[in-house]
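Accompanying notes for the structure given below.
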Amino acid sequence: MLSTNDIYWIAGFLEGEGCFTNGKERSTIVQASQKEREPLDHIASLLGGKIGYNKKGFYKWYMSGSRAIGVMFTVFLLMSSRRKGQIEKAVKAWKARTNHGWYKTKCKNGHEFDMVNGQGRRMCRQ
């Protein structure tokens, strides 16, 4: 469980280095980039997520989906108006999606899910 100090640290770090957006395939993302990896390791230890490295020499921490939405809701009141605007835009796009993955009733080709495979995933017979 996060302490109040942890939440304030996360909010301050994301205020300075973070970004709240929608990424590829309309997933909701919270991310932060740094030259030094240590602060990103700290935020990853608190929230989870992944850390990557790009060709420009920056480390990037990120998380997506409903976990990212949870982070956005947690830090919202502590953010500047600019960051609040980013969060509101990302959450609005997330809410506009009628199905958030688990609730889909059709495959990408429009066929109804009518069976479950051996791994417990729903699928259509087509």
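The values are calculated or read from the model by the stated rules, or taken from the named source; none is laboratory data. What you see is a predicted model; the values in this text were computed from it and never measured. All Cβ positions, glycine included, derive from the backbone under ideal geometry; neighbour counts span all protein chains shown.
Go through segment 51-66 and report how many residues are over 16 Å from the mean Cα position of the chain (by Cα) and surrounded by 13 or more Cβ atoms within 10 Å (Cβ to Cβ). The total comes to 2.
Taken over segment 67-87, residues that are basic (Lys, Arg) and within 8 Å of the chain's Cα centre (by Cα) amount to 1.
Note on segment 15-50: among residues that are more than 13 Å from the chain's Cα centre (by Cα), surrounded by 14 or more Cβ atoms within 10 Å (Cβ to Cβ) and of a type outside the set (Asp, Glu), the one that is farthest from TRP94 (Cα to Cα) is ARG37. The number of residues in segment 69-126 that are modelled with pLDDT under 90, surrounded by 13 or more Cβ atoms within 10 Å (Cβ to Cβ) and small (Gly, Ala, Ser) comes to 1.
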